[in-house]
Amino acid sequence: MLTRRNLMKTTAAMAAASAFSIGGRARAQSADMTIGYIADFPNASVLAIAQDQKLWEAEGIDPSIKVFTNGPIQIQAMGAGSLNFGTIGPGALWLPASGRAKVVGVNDIGFSDRVIVQGNIASITDLKGKKVGVPQGTSGDMILRMALTKAGMTIGDIQVVPMDPATVVSAFTSKQIDGAGIWYPLIDTIKPRVPDMKELASNQDFYPQTSFINTFVARNEIVQQNPDLVKTFLRVMKKAMDYRVANLDRSIQITTAFLNAPADATDKVARSRRMLTGKELDDFTKDGTVNKWLTDFNKMFQEFGTVKDPLPPEQFYTADLFTSA
């Protein structure tokens, strides 16, 4: 017979079990919410905003966030099982197109990439046979290849020197290389040391035919096994993107503090980009614009010999997860 005392005990036990279940689920989600990012405004700002605006707390999650120097290294970490989410530039999109990860959303459109050269070089064609530093598999690699193609050249016409971004800066400033495929704000570090450097190509030269998008990516297994966690990640990212569009000045301040970076350099990069809202990207996903961007990159990757047979965007962009988040 269910007495009032027994009822109270049963209710208390159920509440405790429910709280334990919710707490356990939150801990599990927090453990799986491992996020990589590149230390620049577009990729770090969403995470800085999410922290500042307590967007993770609203989801009951305490994420683990780790900085990386580029996108390919993040996807390597995903392959090793040590990272579930990341933010990458367009140069690394060949990896999802090869099936190594999933694109789960678009972040923004960038105009920060350049081909830079020493002062004694006047044109892209003058780079023939010269040493050019580039972080391979990045947007710097992509802008370099596009500039060479536009000039009627190929990557085989130059001496490519693979380098991480920081090494590009030191090698260029010490004149160990003749040119580089690199981006702002790193170029701001180079300019005072090499005042006669030139910029011979930029993203703007190829826009809007080619849009250099930054994207959110996820480990294949987490997309398959825990789509709800992917939606949680995207829900936070969309809120952060909306805040960034509505509060750009404040977002620059937040990100400058988050990165401990020079304020003027962060400001310059932020204002050189096209920021997008979650609603805009939902619409771009539904009308096929995002798939067109990804298809254009696939064609370039084939032309460059990076990927022989890239997957169609429908197989590596999780459109349904993005629009339902």
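The numbers here are math on the coordinates, done by the rules we state, and not lab data. Model, not experiment: these values are computed from the prediction. Using ideal geometry, Cβ is built from the backbone for each residue, glycine included, and neighbour counts are taken over all protein chains shown.
The table below lists the values:
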| read-out | value |
| --- | --- |
| Karplus-derived 3J(HN,Hα), 6.51/-1.76/1.60, for each residue of the stretch 73-80, Hz, glycine and proline x | 5, 4, 6, 4, 5, 5, x, 7 |
| Candidates per trypsin sites (Lys or Arg not before Pro) in the stretch 181-233, loop by DSSP, up to 11 other Cβ within 10 Å | none |
| Charge dipole magnitude, Cβ of K and R +1, D and E -1 - the chain, Cα centre, debye nearest 20 | 740 |
| Counting all C-alpha pairs of the stretch 229-325, share separated by more than 18 Å (%) | 60 |
| Binned Cα-Cα distance frequencies in the stretch 157-287 - 10 Å width, integer % | 9, 28, 33, 22, 7, 0 |
| Rounded to 10°, Cα long-axis angle of helix 4-32 versus longest principal axis of the chain | 10 |
| 10 Å binning of all Cα-Cα separations within the chain, expressed as whole percents from 0 upward | 6, 25, 32, 21, 9, 4, 2, 1, 1, 0 |
| Given charges at beta-carbon only (K, R positive; D, E negative), |dipole| of the stretch 282-325 in Debye | 160 |
| Lys/Arg +1, Asp/Glu -1 at C-beta; the stretch 115-243 dipole; positive extreme among 169, 143, 237 | 237 |
| Folded to 0 to 90 degrees: helix 248-259 orientation relative to the chain principal axis, Cα | 90 |
| Those lysines that a straight Cα-Cα span of less than 23 Å connects to residue 102, excepting residues fewer than 8 apart in one chain | 66, 231, 238, 239, 279, 286, 292, 299, 308 |
